[in-house]
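For reference, the structure discussed in these notes is given below.
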Amino acid sequence: MKLLVSSSPHIGTKLTTQKIMIHMIIALSFPLVAGVVIFGLYALTVVFVAAASAVLAEMLYNKLTKTPFTIKDCSAVVTGMILGLNLPPNVPLYVPVVGSVFAIMLVKMLFGGIGKNFANPAATARVFLLLSWTGVMRSYMQPLDYSQGVWKALVSGFTKQYITSATPLADIKSSAVTGVLPDSIRLLDLFLGRTGGSIGEVCAIAILLGFIYLLIFRIIDWKLPVSYLAASALSALVLYRGGWTYILPTLLSGGLLFGAVYMVTDYSTSPNTAAGKVIFAAGAGILTVLFRRFSGFDEGASIAILLMNLIVPLLDKWIPKPFGYRKPVKPEKTAKEAKNG
Amino acid sequence: MKNEKFRAVIEPFANGFVKNNPTFRLVLGTCPTLAVTTSAMNGITMGLATTFVLMCSNLLISLLRNIIPSKVRIPAYILIIATFVTVVDMTMKKFIPDLHATLGLYIPLIVVNCIIMARAESFANQNMPLPSVMDGLGVGLGFTLSITLISIVREFLGAGAFFGMTIPGLSDFAMSIFIMPAGAFLVFGFMIVCFNAAVKAFEKRRAQGGQAK
Amino acid sequence: MDNTQKLAFKESLKKMWKSDAFKAIAVLCIIALMSALILSVVHRYTIVDEEAVLREKVGEVYPSSPVTTSVDVSSYRNIDNSVILNAFVAEDGAYIILSKSKKAYNSGTGITLIVVIKEGIILCVQNYLSSETPGLGTRALKESYLSQYVGVEANALAVRDQVEIRDPNEQTVKIEYIGGATKSSTGVRISVTAAATFYIREAAK
């Protein structure tokens with residue numbers, strides 16, 4: 001029997017882990033389809049390799065430790081897909097393989113499997129890959145040019161016939177000193193995904209569709225993405241000299257929106273209480289913009305989420321759970337604890 | 001009788017590698033273990049420098065164990081250890097300036113390396129000089145072996161090299177996280193796991209073998 | 001002093017002699033003395049003539065003209081996070097400058113470069129002493145990377161007087177950074193900039 005160790009919202013529903021994960025896969029397929037349209041079939045291969053190696057890694061781990069197979073809950077597929085969508089569309093295929101194995105084996109399974117991981121496996125693996133192969137992880141290809149023929153464009157990733165390009169993030173970062181947004185950043189392009197970037201991150205509209213899907217089926221809690229985005233917007237307003245003009249480019253570029261919908265909302269790595277969730281997501285938002293503005297890297301979403309993941313246990317401890325919560329009277333509390341123990 | 005004496009000398013030496021392995025078993029001296037293990041050469045130099053200091057300080061402390069009043073033993077030990085560390089520092093600066101510059105701050109920091117203090121406190125001030133020297137040698141070489149292993153792994157994964165020689169075909173795929181601090185913790189943790197698992201398996205087999213006999 | 005006083009004094013000396021505190025101090029003093037002795041002997045045999053080593057190295061870097069005088073660098077302790085350690089003037093008027101950047105991945109040792117500037121143009125940049133992370137930071141110290149500074153005018157790099165505020169858009173020299181080794185690249189830039197500044201200020205004298 002499979003017990004789901006996760007937060008309160010799905011008490012009393014018929015949702016099983018497997019169903020939640022299938023909903024997640026459907027929601028993830030929106031940015032995946034957008035990514036394939038924008039970057040071609042090689043991007044699909046990258047995501048597929050990431051997902052497949054995640055599943056294989058979990059099977060391998062189960063086999064090595066002689067535990068029952070846990071791949072049926074589909075969470076490995078979700079982790080692999082999120083990681084794959086976080087990668088540049090032109091990475092060599094060993095990158096998603098190593099990333100997925102790291103995410104599943106080291107971050108998830110070694111800590112006890114689903115629901116017990118301390119940090120988001122995909123975010124951790126992305127940071128791991130970024131620090132490992134910095135050059136590869138920071139070269140992004142330009143969106144496909146379909147004028148030369150659809151098929152030729154779609155397979156161009158396999159033949160290495162692509163042009164690498166600067167991402168809007170790099171432009172935002174370099175223009176932060178002057179506070180004047182360069183002309184290369186057009187909001188419509190950011191919204192539709194006609195920019196360089198990671199496979200799943202570029203197309204804002206597809207991510208928003210996935211967000212709406214997840215909200216309709218009540219898979220994720222709206223508080224997390226909303227407070228994450230609000231905090232990012234506020235910090236962009238404060239930290240960039242350009243002020244208002246930088247808010248939307250900050251929100252729409254890079255992995256911020258994707259992280260808000262798919263990574264911040266991870267059950268086991270977000271706090272249980274409403275207040276905790278708001279603090280967690282807001283902290284991640286502030287850190288994201290701080291990293292983007294001041295660190296050596298262009299992107300900070302996954303590092304920020306990873307860092308905030310680490311204080312989730314503390315948040316759960318500091319902010320008591322309101323559900324069925326009674327104000328503790330000291331001697332009673334110790335008695336209760338003893339009983340539980 | 002002779003056999004017993006021989007054992008008293010050889011046992012501390014042998015214990016230093018497995019039973020008292022400072023890095024993997026006692027988890028002492030983690031600062032140099034994490035900081036200087038970016039390349040195998042660094043690791044081996046650091047280990048040998050520590051071994052030298054450990055041997056000399058163990059010898060002196062063991063010789064002076066009845067003279068040093070127990071109330072001031074810690075300052076006395078630190079004086080002795082610092083002397084040898086400075087000797088090592090000056091010698092390295094003269095003869096291997098490049099490595100000295102690489103290891104930099106971590107050579108003077110051997111003074112506060114807790115392996116040396118631990119061996120002085122728990123072994124040298126209770127034992128005869130010869131076993132103390134052997135203990136220093138054993139623990140020191142155990143430390144050298146461990147941090148060299150860690151640094152070989154880190155250099156191999158992080159720079160695609162082996163003792164400074166780049167391995168063609170591999171250095172292009174080097175994962176630079178392994179020469180960063182995060183990678184140091186990862187490799188250190190996994191080496192502890194592997195070492196202790198291997199020791200456990202070995203002991204289990206030996207116990208079974210003993211029963212069969 | 002009468003006899004009883006003498007006796008009492010002797011007694012108190014004896015007491016002191018036997019007391020723990022005296023013994024502790026004495027032992028520590030002896031150990032300290034011995035270690036000082038050992039160290040002085042070792043120092044005697046391991047002393048490094050740094051000036052000679054430096055001159056030899058400088059001669060290797062800039063062989064075309066013998067180095068004559070060394071310049072007083074005491075007023076250049078801090079130019080934008082870096083220090084001018086040493087500077088020499090060669091016979092043909094070239095300056096050979098050792099400048100150390102405090103900003104580096106390994107900030108303990110920093111990055112020390114030898115920069116040769118002749119007639120306002122950087123002739124040569126070489127790594128003198130540094131311990132950057134192998135594989136990553138060392139890329140910033142390879143000759144192929146350092147050579148991008150060769151031929152650059154010192155005037156374009158130098159830190160101007162503080163009164164003048166530089167326009168951030170004005171990019172006089174385009175310096176390439178190495179992805180993932182930003183700190184090391186910055187250290188190299190700072191180091192070369194300090195050398196250029198030193199040259200401009202010295203040449204103005």
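The values are calculated or read from the model by the stated rules, or taken from the named source; none is laboratory data. Keep in mind the model is a prediction, meaning the values are calculated, not measured. All Cβ positions, even for glycine, are placed from backbone atoms using ideal geometry, and neighbour counts span all protein chains on display. Accessible surface areas use protein heavy atoms only, side chains included; no ligands, DNA or RNA. Shrake-Rupley method; radii C 1.70, N 1.55, O 1.52, S 1.80 Å.
If you count only protein heavy atoms with a 1.4 Å probe, what accessible area per residue comes out for region B:68-152, rounded to a whole Å²?
Details: 3350 Å² over 85 residues.
Spelled out: the 1.4 Å probe surface of region B:68-152, per residue, equals 39 Å².
Between the alpha-carbon centres of region B:49-96 and region A:111-126 there is a gap of 46 Å.
Peptide A:133-141 is shielded by partner chain Cβ atoms: per residue, an average of 3 of them sit within 10 Å of its Cβ.
Please label the shape of the protein assembly as shown as rounded, prolate or oblate, based on the square roots a ≥ b ≥ c of the eigenvalues of the alpha-carbon gyration tensor (a/c under 1.5 means rounded; beyond that, a/b larger than b/c means prolate, else oblate). Walk me through the intermediate numbers first.
On the way: a/c = 2.02, a/b = 1.28, b/c = 1.58.
In terms of gyration-tensor shape, oblate.
Counting only alpha carbon atoms, the long axis of helix A:223-239 and the longest principal axis of chain A meet at about 50°. Of interest is the spacing of the C-alpha centroids, which for region C:25-79 and region A:130-201 amounts to 53 Å.
If you take the square roots of the eigenvalues of the alpha-carbon gyration tensor of region A:15-318 and sort them as a ≥ b ≥ c, do you get rounded (a/c under 1.5), prolate (a/b over b/c) or oblate? Provide the component values of the computation, followed by the final result.
On the way: a/c = 1.69, a/b = 1.13, b/c = 1.49.
Oblate shape, in that a/c is at least 1.5 and b/c is the bigger or equal ratio.
Largest mean-square fluctuation among A:TYR162, A:TYR267, A:TYR94, in a Gaussian network model of chain A whose springs join Cα atoms under 10 Å apart, belongs to A:TYR94. Between the residues A:THR159, B:VAL199, A:GLY80, the greatest Cα displacement towards the positive end of the dipole of the protein assembly as shown, with unit charges on the Cβ of Lys, Arg, Asp and Glu, is found for B:VAL199.
List the residue ranges in chain B for DSSP H helices whose C-alpha atoms run 24 angstrom or more along the long axis and whose Kyte-Doolittle average is -1.0 or above. Don't skip to the answer; put the middle values down first.
Values: long enough: B:40-63 (34 Å, 1.47); B:73-95 (33 Å, 1.16); B:129-159 (42 Å, 1.22); B:181-212 (46 Å, 0.56).
Helices meeting the criterion: B:40-63, B:73-95, B:129-159, B:181-212.
Can you tell me, using C-alpha contacts under 8 Å and at least 6 residues apart, the relative contact order of chain A as a whole percent? Don't skip to the end; give the middle numbers.
Numbers: 563 pairs, mean separation 62.9, N = 341.
It comes to 18 percent, rounded to a whole number.
Need the per-residue list for region B:151-185: every residue with at least 50 Å² less accessible surface in the complex of protein chains than in the chain by itself, probe 1.4 Å, sorted by number. Residues passing the criterion (a loss of at least 50 Å², heavy atoms only) are B:PHE173, B:MET175, B:SER176, B:ILE177, B:ILE179, B:MET180.
Helix A:41-65 and the longest principal axis of the Cα set of chain A meet at an angle near 30°. Charged side chains reduced to their Cβ positions (Lys and Arg at +1, Asp and Glu at -1) give region B:2-212 a dipole of some 700 debye around its Cα centre. Chains C and B together bury some 2000 Å² of accessible area, summed over both sides, with a 1.4 Å probe.
Averaged over the residues of peptide B:68-75, the number of Cβ atoms from other protein chains lying within 10 Å of each residue's Cβ is 4.
Helix A:75-85: angle to the longest alpha-carbon principal axis of chain A, degrees 0 to 90, nearest 10? Rounded to the nearest ten degrees, it is 30.
Based on Cβ point charges of +1 for Lys and Arg and -1 for Asp and Glu, what charge dipole magnitude is obtained for the protein assembly as shown about its Cα centre, in debye rounded to the nearest 20? Numbers along the way, then the final one.
Working: 69 positive and 45 negative charges, 748 e Å.
Dipole about the Cα centre, nearest 20: 3600 debye.
Checked against a 21 Å cut-off, the cross-linked pairs A:LYS72/A:LYS116; B:LYS71/C:LYS15; A:LYS173/C:LYS102; B:LYS19/B:LYS71 give Cα-Cα distances beyond that limit for A:LYS173/C:LYS102; B:LYS19/B:LYS71.
When chain A is treated as a Gaussian network with alpha carbon springs shorter than 10 Å, the biggest mean-square fluctuation among A:LEU32, A:LEU181, A:LEU214 belongs to A:LEU181.
What residue among B:ASN66, C:ILE84, B:CYS56 has its Cα farthest toward the positive end of the dipole of the protein assembly as shown, where the charges are +1 on Lys, Arg and -1 on Asp, Glu, each on the Cβ? About the Cα centre, the residue reaching furthest to the positive side is B:ASN66. If you take all other residues with their beta carbon under 14 Å from the beta carbon of A:GLN161, and give Lys and Arg +1 and Asp and Glu -1, the sum is +1. Heavy-atom accessible area with a 1.4 Å probe sorts A:LYS160, B:LYS93, largest first, into A:LYS160, B:LYS93. Adding -39500 (n - 2.57) for every DSSP H run of four residues or longer, then dividing by how many residues chain B holds, sets the calculated 222 nm ellipticity at -23500 deg cm²/dmol.
Partner shielding of C:23-36 amounts to 5, given as the average count of beta-carbon atoms from other chains within 10 Å of each residue beta-carbon.
Magnitude of the charge dipole for chain A, about its Cα centre and with charges confined to Cβ atoms of Lys, Arg (+1) and Asp, Glu (-1), is about 1180 debye. Modelled spin labels at A:PHE118 and A:VAL177, positioned 7 Å past Cα toward Cβ, are 3.9 nm from each other. Ordering of C:33-46, B:25-38 by packing is B:25-38, C:33-46, highest average first (other Cβ atoms within 10 Å, averaged per residue).
Net charge within 15 Å of A:VAL36 by Cβ-Cβ distance, Lys/Arg positive one each and Asp/Glu negative one each, not counting A:VAL36 itself? Mind dumping the intermediate values first?
On the way: positive: A:ARG194; negative: A:GLU201.
Residues near A:VAL36 contribute 0 overall.
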